[in-house]
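Peer 1: Below is one structure. I have some questions about it.
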Amino acid sequence: MSEFFTVSVLVATLAGGIRLATPFLLAALGETLGQRSGVLNLGVEGVMLIGAFAAYYTALETGSTVAGIAVAIGIGAVMGLIYAFLTVVMHAEQGISGIGIFLFGLGFTDLLFQKQVGTPLPIPGVGKAPIPILSDIPHLGEIFFDHNPLVYLAFLLVPIMWFVVNKTTFGLNVRAIGQTPEAADTLGVSVNLTRTFTIVIANCFAGLAGAALALEVGIFQQNLTAGQGFIAIALVYFGAWRMPWVMSGALLFGVVSSTVLQWKTLGIVSGPSSSLLAMAPAILTILVLVLVSRRVSAPAALTRPFDRAG
Amino acid sequence: MTDTDRAVPMLQMEGITKRFPGVLANDSVDLTVLPGQVHTLLGENGAGKSTLMKVLYGLYRPDEGTIRLDGEPVSITSPSDAINRGIGMIHQHFMLVPTLTVAENVALGLGGRAGLSDMRPVRQRLAEVSERYGLHVNPDAYIWQLAVGERQRAEILKALYRDARLLVLDEPTAVLTPPEVEELFVTLRQMTADDKGLVFISHKLHEVMELSDEITVLRDGRVSGQTRPSESTRESLAELMVGRPVELTRNVAATERGEQRLAITGLNVIGDRGNTAVKNFDLAVHSGEIVGLAGVSGNGQRELADAIFGLRPIRSGQIAIDGEPVTAPTPRSVRQRGVAYVPEERMVEGAIGDFTVAENLLLVDYHQPPYTRRGLLNRSAISSWCNRLVENYRVKTPDIETPTKNLSGGNIQKVVIAREFTCDAEVLVVAQPTRGVDIGAAEYIHERLLEQREAGAAILLISEDLDEVIQLSDRVVVVLEGQIMGEVDRADATPRSIGLLMSGVRDGEASASAD
Amino acid sequence: MRKQSRTFTLLLALLAAFALLAAACGSDGGDDGAASDDGDGTSATEPAGDDGDDGGGGDALRIAVVAPSASNDLAFTQSMVDAVNAIGETRDIQFDVTDGTFVVEDAAAALRGYAEDGFDLVVAHGSQYGGPLQEIAPDFPDVSFAWGTAADTFGLPNVYAYTVRADEGGFVMGTIAAQLSESGVIGVVGPVEVGDAKLYVDGFAAGATNQDPAVTVNVNYIESFSDVALAAEAATAHVGNGADVLTGSAQMVVGATGVATESGVAWFGTQANQTALGPDVVVASQVYHWEVVLADIIAGIDSGTLGGEVFIATLANGGLVIEYNDGFGLDDAVRTAADATAAGIADGSISTGIE
Ligand SMILES: Nc1ncnc2c1ncn2[C@@H]1O[C@H](COP(=O)(O)OP(=O)(O)OP(=O)(O)O)[C@@H](O)[C@H]1O
Ligand SMILES: [Mg+2]
């Protein structure tokens, strides 16, 4: 155990945790916004896969990771419009349509990958971009300021999204329609338009999250996300629909995962106990967040479609 | 009056017709409102009052008819359209977001500088408006923290903040206490003094007589009369509404009080905000008596009723039915002991909006014969029973398969009452049974309550309506802050004696302070 | 409410159709890919009626494969797809694949479907498919099933099992790794500690320490066959802890090879030739040539035996081949020594020490 508590290992563990957290943090931020407006999207995983493939394939063909990111976000927006049409316009049941989107994303990316790419070919991915000066700070620099730009972006988006939800009129509308859409409606707030917006934004985030994953590992393969989209949804619940808590949850999950990895790498744990330990990130994150946030309840109108009678 | 008679009407609704599937909610209705006037809409539950106002507010599109504002024909297509034209509406059911603050509720939908929801200017202007109309409420309090009266004020502030010139108040007094109603009327008079036009809806005739300049009565979606307080009496108004003479006062014969049914000893219950909402409460209700529990709402009545019915855990103390203590009560176990409950929040606890009328009528008994046989619902038994209830309790609904949320507010109440009064309970806990219920239906509900009393039920009547409490109760118990302030017998129960207790003055103290 | 539920049913149907379509196309894609992989796909799917002179059976042999990951995963599934295509070069077969069935229920449905369609040989390519296979096989006594990697035929007369001595190639590559490593630290990224992955990892570690007892082999089973990001992070952790040679098993290692390339550390592949994943860093790959095993199985079927035997791919029978990446520039002496080790294992003079 002592070999774990050396500065370099701890630094690597924390930096690794931040890297691991990035994709599901991005997805969870978007999903938080969507749920605050009363829309549940279980299709995050599927949209992440689509975003991941889009980013990978674009980068493979054009050699440009920036183009890859842009395409992933754009495809996310399209998926958002589809989901908004299903749930906001058609009033489809949100849980089922989300699962539909997930299955679609899973099958569709697999199909495209096999047709268009075939064998997994590595792409350059987004390289590290150490932040000048800050990355020179001993230890802290390596933990926080020596990552790829998408990592910075994800964490920068936390205060931005917090600000949007809590300090803008759009955010006020979102909070209102997720709770009491009828009240917002009587004040002239368009419930369905606002929800369409939040859904599109949430899906753009999911697409970006997929891109962050594919460009970090520099490859695509079937089911690349391996459940990260569902982790993101869980984080939204256990983070009690608050951006900072969702981020804390994502970080906790990432750091515990990377701690477990380090322990195994260092041979601190092995055999059956290491299999058990693989569940630690999920269990620990849920426990902590539940303890912190148990008094907050879900947006009252979550999953409830809105329609004015008459 | 000649002055206002000549003024251009600020609102003219002409020939408004609105149909819902199976219902003609408004049938060629006319309504004219002059600036500086209170125009009251009267009518039974389901007469179409709220519908007419929702048409005005852009929530429903009329099938026929025209609306003129200041003489100009307009088409109001959405609430924001209505707001922009200076129309404000206080809805029958609160339209507030409980998780937002008062200021945020007010600012909702207004936009802000650079898209930011900066509350400072909102707070400032809100303070001015509050000051002018005497509507005091903390702008930074969350709605869920507020008492009902404060919520009502927040609701009104929302409209005034938007410079509404024409304000619709759909049963604003239904949930208010008498002192709160007085305060509200002061505010409303200030508004008419500012030349605002008001449409006022209420089932309480003395309020209507006190406040109105003009009265339009609706029956079955049609205008059944137009009058003024000076030209009418409460009886004549009631007759216009119901279409037959209505007995407004009633003499209740004393009955023999029987055995003790419900006994509450040393009860303490924790409220939503962590406070002790019910403190060391002792109360007994006997077979064949109605005990009225009077008090301004929010003084623990709700928590008490919830606790009796197993909806809220008990901190300490005991509840016994027929001498046997109820341990770990749940709604089902309490019901099996013969307790029925008409909750105050009928939309939340009493009925399920998405269920049909029939399903709501059977919520309690559905699993018993004859409605269920061998696990299967018996359709014909159900529909004949439900149709009988709908007829007896005069629930206005196209059919028993209509979703309950489409009924008017008062009719939802009747559905809950019909269900609870017909399940042969020995103990009845009834909260605000006639809140928002029209005169005819209130009369009917009162008769049914007395009938239950005759039949030997022990009834705990929780009500803020002093007239109702005094008329029906054999004893009146007054609560304040979760504790019993005093008890008054039928003979001594007067609005004054109870009103004093409600405001916290005991007999002895009253005379002491008179010294 | 009623209206809503109707929309909802419609939607459900639509989405299901959509997903099905995507899934169906997916397996088609696998087919095409596989067929074109072997250079002349036509020979593999040539209609049987065309050549009446086809020796033994007269009909094309119909083979189906159900596998958990993608046909082109450069790992487990691809190794079997390539093998069937190799068989197709020498005899007339009709070949169908359902890949990506990491959900066992889906795989069960596919297995049953192929059996009902009258395929001659249905390959359940995944140890996790044993349960369903045990139920399905008795219902189709005329169909031969093959299950791997596994060493158990459930005592059923129409089930073959096949497995691989992945430790053999692992051992050989381990000896090379120990010689390449300057830091003396080698990192392994494994999926779950079972099956051929465990064999490979154990063999690799044994080979490395056998070569140089001072070498440390850190093994990290990430408990997932699919989490690419975690595999990448595990590789990063290894590198951070001083590893300058990496290896790993199963399809999620595509994450780890990226890290190897990025940090310029040597990589050893297994299951399929992984040179494409890291042309600069892949030293060698242990490639599974299931066609050796398949040939034995098909010979059995031809002679009327539909199962009951276990076949093992080894260095000796050519079921395992170590393929070097010429682009890496491995020292000739090291390679010659490795070839000698491989020959020793094949003739039994060297033991990996793994059971
Ligand atoms: N959205 C709707 N869909 C169908 N029917 C409706 C709808 N809203 C109202 N109705 C019906 O229209 C009629 C008039 O209802 P409305 O709410 O206007 O009555 P009201 O006069 O306000 O009664 P109350 O005093 O009980 O509030 C009722 O029969 C009601 O059931
Ligand atoms: Mg109404």
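The values are calculated or read from the model by the stated rules, or taken from the named source; none is laboratory data. Model, not experiment: these values are computed from the prediction. Positions of Cβ are backbone-derived with ideal geometry, glycine not excepted, and every protein chain shown enters the neighbour counts.
Peer 1: Being surrounded by 24 or more Cβ atoms within 10 Å (Cβ to Cβ), in a loop (DSSP other than H, G, I, E, B) and outside the structural domain of B:E324 (by TED's automatic domain parsing): is that true of B:V415 here?
Peer 2: No, not satisfied.
Peer 1: While we're on this one: Looking at segment A:183-210 only, could you name the residues that are out of contact with any Phe, Trp or Tyr (no Cβ under 8 Å at 6 or more places or on another chain) and in contact (Cβ under 8 Å) with a residue 12 or more places away in the chain?
Peer 2: Listed by number, the residues that qualify are A:V189, A:T196, A:T198, A:V200, A:I201, A:A202, A:C204, A:F205, A:A206, A:G207, A:L208.
Peer 1: Return a yes/no flag: does segment B:89-104 have any residue that is at positive phi and out of contact with any Phe, Trp or Tyr (no Cβ under 6 Å at 6 or more places or on another chain).
Peer 2: Looking through segment B:89-104, none of the residues is at positive phi and out of contact with any Phe, Trp or Tyr (no Cβ under 6 Å at 6 or more places or on another chain).
Peer 1: Limited to segment B:194-213, what total is found for residues that are surrounded by fewer than 21 Cβ atoms within 10 Å (Cβ to Cβ) and more than 19 Å from B:P229 (Cα to Cα)?
Peer 2: Residues meeting the conditions: 2.
Peer 1: What are the pairs, 6+ residues apart or on separate chains, where a residue within segment B:187-201 that is touching a residue at least 40 places away in the same chain (Cβ under 8 Å) and within 16 Å of ligand 2 (Cβ to nearest atom) has its Cβ under 8 Å from a residue that is in a helix (DSSP H, G or I) and charged (D, E, K, R)?
Peer 2: These pairs meet every condition: B:I201/B:K49.
Peer 1: I'm trying to understand the selection: among the residues of segment A:76-115, which are in contact with an Asp or Glu (Cβ under 9 Å, 6 or more places away or on another chain), more than 9 Å from every other protein chain (Cβ to nearest Cβ) and at pLDDT below 90?
Peer 2: none
Peer 1: Still on this structure, please answer the following. Which members of segment B:392-412 meet the condition of being more than 9 Å from ligand 1 (Cβ to nearest atom) and either in the same structural domain as B:I290 (by TED's automatic domain parsing) or surrounded by fewer than 20 Cβ atoms within 10 Å (Cβ to Cβ) (or both)?
Peer 2: Within segment B:392-412, B:N392, B:R394, B:D399, B:E401 qualify.
Peer 1: For A:G218, only one of the following conditions fails: (1) out of contact with any Leu (no Cβ under 9 Å at 6 or more places or on another chain); (2) away from chain B (no Cβ under 14 Å); (3) modelled with pLDDT of 95 or more. What is its number?
Peer 2: The number of the failed condition is (3).
Peer 1: Residue by residue through segment B:193-227, note down the ones that are in contact with a strand residue (DSSP E or B) (Cβ under 6 Å, 6 or more places away or on another chain) and assigned to a helix (DSSP H, G or I).
Peer 2: B:V208, B:L211
Peer 1: Looking at (1) touching a Phe, Trp or Tyr at 6+ places or on another chain (Cβ under 8 Å); (2) more than 13 Å from ligand 1 (Cβ to nearest atom), can you tell me which one B:E72 breaks?
Peer 2: (1)
Peer 1: Sticking with this one: Filter segment A:258-273 down to the residues that are more than 7 Å from chain C (Cβ to nearest Cβ) and polar (S, T, N, Q), then identify the one that is surrounded by the fewest Cβ atoms within 10 Å (Cβ to Cβ).
Peer 2: A:S273
Peer 1: On the given criteria, is B:I459 modelled with pLDDT of 85 or more, more than 15 Å from B:V175 (Cβ to Cβ) and in contact with a strand residue (DSSP E or B) (Cβ under 7 Å, 6 or more places away or on another chain)?
Peer 2: yes
Peer 1: Do any residues in segment C:229-247 that are in contact (Cβ under 8 Å) with a residue 60 or more places away in the chain have Cβ atoms under 6 Å from those of residues that are part of a helix (DSSP H, G or I) and surrounded by fewer than 24 Cβ atoms within 10 Å (Cβ to Cβ), where the two are at least six apart or on different chains, and which pairs are they?
Peer 2: Short answer, once both residue conditions are applied: C:V245/C:L180.
Peer 1: Shifting gears a bit: So, of the residues in segment B:433-447 that are in a loop (DSSP other than H, G, I, E, B) and within 16 Å of ligand 2 (Cβ to nearest atom), which turns out to be surrounded by the fewest Cβ atoms within 10 Å (Cβ to Cβ)?
Peer 2: Among them, the one singled out is B:R435.
Peer 1: Let me ask you something else. Can you tell me which residue among B:L362, B:L376, B:L389 is more than 16 Å from ligand 1 (Cβ to nearest atom) and either at pLDDT 85 or above or within 14 Å of chain C (Cβ to nearest Cβ) (or both)?
Peer 2: One residue alone meets the criteria, B:L389.
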